[in-house]
1. Set Lys and Arg Cβ to +1 and Asp and Glu Cβ to -1, take the dipole of the chain about its Cα centre, and tell me which of Tyr142, His117, Pro70 lies farthest positive.
2. What is the list of residues in region 34-49 whose amide nitrogen lies under 17 Å from a point 7 angstrom out from the Cα of Lys145, following Cα to Cβ?
3. Calculate one ³J(HN,Hα) per residue across region 39-44 by plugging θ = phi - 60° into the Karplus curve 6.51 cos²θ - 1.76 cosθ + 1.60, and present them in order as whole Hz with x for glycine and proline.
4. Counting alpha carbon pairs within less than 8 Å and at least 6 residues apart, what relative contact order, in whole percent, applies to region 8-149?
5. At most 12 other Cβ atoms within 10 Å plus a DSSP loop assignment makes a site exposed; report the longest stretch of the chain without any exposed GluC sites (Glu not before Pro).
6. Rounded, prolate or oblate: which fits the chain when a ≥ b ≥ c are the square roots of the eigenvalues of the alpha-carbon gyration tensor, with rounded for a/c under 1.5 and prolate only if a/b beats b/c?
7. So in the chain, what percent of DSSP beta bridges are antiparallel if you round to the nearest 5?
8. Given +1 on the Cβ of Lys and Arg, -1 on the Cβ of Asp and Glu, and no further charges, what dipole in debye does the chain carry about its Cα centre, rounded to the nearest 20?
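All of the numbers you see were taken from the coordinates with simple rules; none came from a lab. Everything quoted here is computed from the prediction, not taken from an experiment. Glycine gets a Cβ as well: all are built from the backbone with ideal geometry, and neighbour counts include every protein chain shown.
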Amino acid sequence: MAHIHEKIDFTVAIFVVQNDRILLIHHRKLGKWLPLGGHIELDEDPEIAALREAREESGFEVELLGERPPITEAGTRALLAPRFLDIHRINETHEHIGMIYWARPRSGTMTLAIEEHHDIRWCNRKDLEVLEPTMSNAVKWYCLKALEEIR
């Protein structure tokens, strides 16, 4: 978990969709239903962090979805744009700038990261309404938006 500064960090959230269901984890430390994700390490770009977090937290190799500008040249590599960005407060003195990606699983077998999560599961729209504990309005909105956009 890289902390770049005591006041702010950069993170990724990966909303993985397959067959009109979204992959969610019940985070052990936070006690919340969340997408896959975590801190961007100091030696990573956001894409690499998203791919690593998805693999570590779910067992899946994923395909990140979005648009990549065709501008790669010497000294410059275009990155896949996140679908959304947000900033969210972790505690009174610390915030995260979140890069929110849509993704599809490419390969792998779903695996629970027992050190980090109580549960991992695929959820449809109806499941989002009955998860306990309930998820935040922001996470639910992102889930529904991802399900709407990824068919």
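1. Tyr142
2. 34-37
3. Result, rounded to whole Hz: 6, 7, 6, 4, 9, 10.
4. Details: 279 pairs, mean separation 48.5, N = 142.
Dividing the mean separation by the residue count of region 8-149 yields 34 percent.
5. Values: sites that count: Glu6, Glu67, Glu92, Glu115.
It works out to 7-66.
6. Details: a/c = 1.57, a/b = 1.19, b/c = 1.32.
Oblate.
7. Values: 28 of 37 bridges.
Roughly 75 percent of the DSSP beta bridges within the chain come out antiparallel.
8. Values: 19 positive and 26 negative charges, 114 e Å.
About 540 debye.
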